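Below is one structure, written out as structure tokens, with a few remarks after it.
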Amino acid sequence: MEAVPGRARVYVACVALGALFCLRPLTALHTPWWAVGLLAVLYAGGELLTRRGVAGTCYPVLLAGAFLLPPPAAALVAVPGALLSYVGQRPAGLRRVWRAAQLALAVWAAARTHWALGGRDAVVAPHFPYALLPAGAAVLVFCLVLTALDGGVLVLAERVPARRAWRGLFGRSLAAVAVHGLAGLMMAVLWRSPYGSAAALLVLLPMWVSWWVFAQYHRERAAHRATIRALVRAVDIKDGYTRGHSERVGQASMMIARELGMADDRVETLRFAGILHDVGKLGVPTRLLRKDGPLTPEERRVIELHPEYGHEVVRGIAFLGEARAAVLHHHERLDGSGYPYGLVGAQIPESARVVAVADAFDAMTSTRAYRRARPVPVALRELERCAGAQFDPRMVGALVRVVRRWGWGPTVTADEAGGALPAPRATAVPAVGDRGPRSLRRGP
């Protein structure tokens with residue numbers, strides 16, 4: 001997200017000030033600066049080597065610092081690497097500051113916990129299995145701090161409802177962080193052993209092998225996303241009237257899915273479904289998509305083939321899952337009058353019912369070359385009026401709630417939309433492609 005809300009910027013600034021406060025006692029500490037420097041270089045080097053890999057791949061180094069160093073010095077280890085880390089979205093500077101502050105606070109809290117429970121003496125001795133107790137508590141605190149801060153960002157920057165922002169975050173990250181914590185503890189014990197710091201570095205070799213495997217997986221997912229972007233860009237070029245429409249339908253589909261409490265993997269799948277729902281327009285003649293006059297019945301039937309064309313395009317993409325059904329059925333209606341197969345009620349896949357509502361909402365609230373956008377409240381009332389006949393009431397209710405809570409900012413999707421346009425006439429919802437509500441389409 002390039003436009004970070006002001007409240008999220010304030011939140012990042014507060015976290016950064018908290019991190020600076022944790023680093024403040026550094027000048028008064030008797031710290032082995034060579035160890036701080038070595039761990040900081042290791043962490044920064046790992047971030048640079050895996051800059052397009054998995055977030056958190058170098059946590060063992062940070063946790064080793066938490067087990068070996070005083071809390072302020074341990075927190076400092078994370079800062080250079082986080083400020084140099086790869087950032088794929090803008091604003092890059094703000095995101096790097098956030099990452100550095102978040103990690104510094106988490107490492108400081110972990111180190112404080114470890115030292116408070118006598119972990120330093122257990123590592124130096126070492127005393128096993130007693131050393132596992134303070135280390136485990138430190139890992140738990142590290143994970144809790146990261147989860148708490150990440151949830152705040154989701155609420156303030158991504159507008160995720162507060163009651164769901166933290167749901168599942170801790171559980172998903174704890175297992176991975178626990179493994180990193182064990183590796184960090186092994187590093188710390190070897191570091192304090194007669195073998196010294198050189199032996200501690202050997203712990204990182206098997207970890208980096210596993211990170212490389214995960215990086216390959218993420219690169220594959222990045223290639224999938226690039227394929228989706230290319231398909232959407234091709235649709236936008238072919239049908240200039242709906243430029244940007246696919247991305248917004250994906251966003252609205254994701255909002256509905258989150259409001260309904262779906263798991264994160266389904267939320268992502270439904271976002272893909274929304275983004276790709278009109279990919280079948282690649283099989284529709286361009287002259288029909290750009291036609292200014294009314295559509296003949298024959299031309300309308302050709303356009304109504306676009307869900308089947310789209311399904312042919314995406315059916316071989318295995319990772320899309322249920323998104324493929326949404327591409328095929330997003331123009332079905334609960335009363336059976338939709339297309340391509342006239343499915344009724346629950347016969348329509350849930351993913352398609354989500355995308356149908358998102359598609360209609362964006363079509364009504366976006367300005368096109370042939371009519372102006374409807375106000376958001378008007379579009380929501382129209383969706384509610386058609387719920388039960390055309391749309392699933394659950395999906396409509398979810399969209400209404402989330403839009404009324406967070407708002408919606410549709411954009412102009414046609415280059416020609418700045419000219420004088422007639423005022424929209426009332427009623428009904430898009431039924432053919434994305435050419436607008438029935439009363440606003442340029443066909444019969």
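The values are calculated or read from the model by the stated rules, or taken from the named source; none is laboratory data. All values derive from a computational prediction rather than experimental measurement. Glycine gets a Cβ as well: all are built from the backbone with ideal geometry, and neighbour counts include every protein chain shown. Keep in mind that these areas ignore ligands, DNA and RNA; they rest on the heavy atoms of the full protein, side chains included. Shrake-Rupley method; radii C 1.70, N 1.55, O 1.52, S 1.80 Å.
Compare the Cα positions of 146, 122, 232 along the charge dipole of the range 82-235 (+1 at Cβ of Lys, Arg; -1 at Cβ of Asp, Glu; about the Cα centre) and return the one farthest towards the positive end.
The Cα lying farthest towards the positive end belongs to 232.
If you take the charge dipole of the range 233-358 about its Cα centre, with +1 on Lys and Arg Cβ and -1 on Asp and Glu Cβ, which of 246, 320, 357 is farthest toward its positive end?
Positive-most Cα among the choices belongs to 246.
Just how large is the dipole of the range 273-345 about the Cα centre, in debye to the nearest 20, putting +1 at every Lys and Arg Cβ and -1 at every Asp and Glu Cβ?
Charge dipole, the range 273-345, about its Cα centre: 200 debye, nearest 20.
Around residue 153, under 12 Å between beta carbons, what's the net of Lys plus Arg minus Asp minus Glu among the other residues? Walk me through the intermediate numbers first.
Details: positive: 7, 9, 95, 99, 159; negative: 150, 158.
Residues close to residue 153 contribute a combined charge of +3.
What order do 361, 170, 21 take when sorted by accessible area (1.4 Å probe), most exposed first?
21, 170, 361
Could you order 149, 276, 182, 83 by accessible surface area, starting with the largest, using a probe radius of 1.4 Å?
182, 83, 149, 276
Given a 1.4 Å probe and heavy atoms of the protein chains only, how would you sort 300, 112, 372, largest accessible area at the top?
I get 112, 372, 300, largest accessible area first.
Calculate one ³J(HN,Hα) per residue across the range 31-39 by plugging θ = phi - 60° into the Karplus curve 6.51 cos²θ - 1.76 cosθ + 1.60, and present them in order as whole Hz with x for glycine and proline.
Once rounded to whole Hz, the list reads 10, x, 5, 5, 5, 4, x, 5, 5.
With only Lys, Arg, Asp and Glu charged, each at its Cβ (+1 for the first two, -1 for the last two), find how big the charge dipole of the range 254-393 is about the Cα centre; round to the nearest 20 debye.
Charge dipole, the range 254-393, about its Cα centre: 580 debye, nearest 20.
Roughly how big is the range 78-199's charge dipole about its Cα centre, with Cβ charges of +1 (Lys, Arg) and -1 (Asp, Glu), in debye to the nearest 20?
460
Starting with the highest mean, order 89-95, 72-78 by the number of other Cβ atoms within 10 Å, averaged over the residues of each peptide.
The most tightly packed comes first, giving 72-78, 89-95.
If you count only protein heavy atoms and use a 1.4 Å probe, how large is the accessible surface of residue 7, to the nearest 10 Å²?
Approximately 100 Å² for this residue.
What is the sum of charges, Lys and Arg at +1 and Asp and Glu at -1, for the other residues whose Cβ falls under 15 Å from the Cβ of residue 32?
Numbers: positive: 120, 192; negative: none.
Here the charged neighbours net out to +2.
Give the carbon-plus-sulfur fraction of the accessible surface of the range 84-135 in %, rounded to a whole number; probe 1.4 Å, heavy atoms of protein chains only. Walk me through the numbers on the way to the answer.
Working: 1550 of 2590 Å².
C and S atoms contribute 60 percent here.
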